[in-house]
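The next block holds one structure in the form of structure tokens; read it before the comments.
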Amino acid sequence: MKLRYKILGSLLVLIVVGLMSLAIALSYTPDCEPAPALAGDAETMRAVVYRCYGSPDVLTLEEVEKPVVGDDEILVKVHAAGVNPLDWHYMRGSPYIMRLSSGLGKPKDIRLGRDFAGKVEAVGKNVTQFKPGDAVFGGAGGAFAEYVVIREDRALAHMPDKLMFEQAASVPVAAITALQALRDHGKVKPGQKVLINGASGGVGTFAVQIAKAFGAEVTGVCSTRNLEMVKSIGADHVIDYKNEDYTQGGQQYDVIIDMVGNHSLLKNREVLSPEGTMVLVGGPKGNWLGPLSRPIQTMLLSPFVDQEFAVVMAKLDPQDMRALADLMAEGKVTPVLDKLFTLSEVPDAIRYSEKGRARGNIVVNVE
């Protein structure tokens, strides 16, 4: 018996040491390295880079090598780029668990930004759907730059007529998140009651409009200063969270899309219909379990209730890009813009995004 306890104790010590070692490796953040010298004959462009994790102060605007288009790729001259919470998560390497893929100690890919809109400058020999001069929008790494390269089969679509580059650049991550939350997880049907908690933000403004396009009766929850804006994009009802708690209103909803997380899952369950669905988008800040706490709560609660609780992890999909382009061409979805920044002001744009008070979408005007 004593031998068994010794073995179990040794295993416990090994597990604790292993977890501590992993925690140290994940959280270790060295100083930024200097930019390497470029080849004298290299063709360059301006791009925002980060060579270490940290605050927006680690972001620098530098001359980097201009990408070369491959056989299946498209070179886009970027006119505008969207700013998303995803950008500052990568910038900070937070939560730390994401560093297992983004890079331990320092980022593997020093380029930042995901959403872009611009004009095709060159295409590879195997590309058939796009040609030089096409106005396009999509999602690819390194969007805070003068040029970006993307494969033809990735999240890229032609821009609808009359759409500005700044509007199109705000679409990919935020609108696809809203679309997949409502369609794939919420399975919204005409006539259903849908509540959008955080209706005035980037994802929220798209969610209100897409839910209306699906024929839902939409209630938007936002602050006092955003009530009229949320009404103007199609919300049937609006709730000022500063003066009213939607979990205390007595109304039940078939689907709740929650970007804020200011009420517990149990509180939300009280206003979900018996077979309703709650979809969680994002989570609280934190380097460790903060952003993961809501998904964990969801996994623990779901087996014991009839309602469905889901966490959306949006995937940039070319078919969804085209679906959003169609919705915008039909006038059912119009991107809502808050503030515009220049390429040199990306650190300020990220700071503004981190505050979580944007009214719509934040965009960088690259030109």
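The values are calculated or read from the model by the stated rules, or taken from the named source; none is laboratory data. Because the structure is predicted, anything quoted here is derived from the model rather than measured. Ideal geometry is used to build each Cβ from the backbone, glycine not excepted, and the neighbour counts take in all protein chains shown. When the accessible area is computed, the model is the full protein with side chains, heavy atoms only, and any ligands, DNA or RNA have been set aside. Shrake-Rupley method; radii C 1.70, N 1.55, O 1.52, S 1.80 Å.
A few points about this structure:
- Number of the condition not met by residue 63 [criteria: (1) closer than 21 Å to residue 139 by Cα; (2) assigned to a strand (DSSP E or B); (3) over 20 Å from the mean Cα position of the chain (by Cα)]: (1)
- Restricting attention to the range 134-163, the residues being open to solvent by 50 Å² or more (accessible area, probe 1.4 Å) and either without any contact (Cβ under 8 Å) to a residue 40 or more places away in the chain or not in a loop (DSSP other than H, G, I, E, B) (or both) number 3.
- Scope the range 40-53; condition open to solvent by 10 Å² or more (accessible area, probe 1.4 Å) and over 25 Å from the mean Cα position of the chain (by Cα); matching residues: 40, 41, 42, 43, 44
- In the range 197-207, of all residues being open to solvent by less than 10 Å² (accessible area, probe 1.4 Å) and in a helix (DSSP H, G or I), the one that is nearest to residue 360 (Cα to Cα) corresponds to 205.
- In summary, helices (runs of 4 or more DSSP H) completely within the range 208-307 and bearing 3 or more residues that are at pLDDT below 95 and surrounded by fewer than 20 Cβ atoms within 10 Å (Cβ to Cβ) occur at 265-270, 293-301.
- Scanning the range 332-367 for residues that are assigned to a strand (DSSP E or B), under 15 Å from the mean Cα position of the chain (by Cα) and of a type in the set (A, V, I, L, M, F, W, C) yields a count of 2.
- Residues satisfying the stated conditions in the range 338-353, i.e. surrounded by 18 or more Cβ atoms within 10 Å (Cβ to Cβ) and either of a type in the set (D, E, K, R) or out of contact with any Lys or Arg (no Cβ under 7 Å at 6 or more places or on another chain) (or both): 338, 341, 346, 347, 349, 350, 353
- If you go through the range 54-73 and pick out every residue that is hydroxyl-bearing (Ser, Thr, Tyr) and either open to solvent by less than 10 Å² (accessible area, probe 1.4 Å) or closer than 18 Å to residue 119 by Cα (or both), you end up with 0.
- Within the range 20-36, the residues that satisfy the criterion of being assigned to a loop (DSSP other than H, G, I, E, B) and either modelled with pLDDT of 75 or more or open to solvent by less than 30 Å² (accessible area, probe 1.4 Å) (or both) are 31, 32, 33, 34, 35, 36.
- Hey, residue 189 of a type in the set (D, E, K, R), open to solvent by 40 Å² or more (accessible area, probe 1.4 Å) and over 30 Å from residue 60 (Cβ atoms) or not: yes
- Complete set of residues in the range 164-186 that are within 25 Å of residue 215 (Cβ to Cβ), crowded, with 22+ Cβ neighbours inside 10 Å and not β-branched (Val, Ile, Thr): 167, 170, 172, 174, 175, 178, 179, 181, 182, 186
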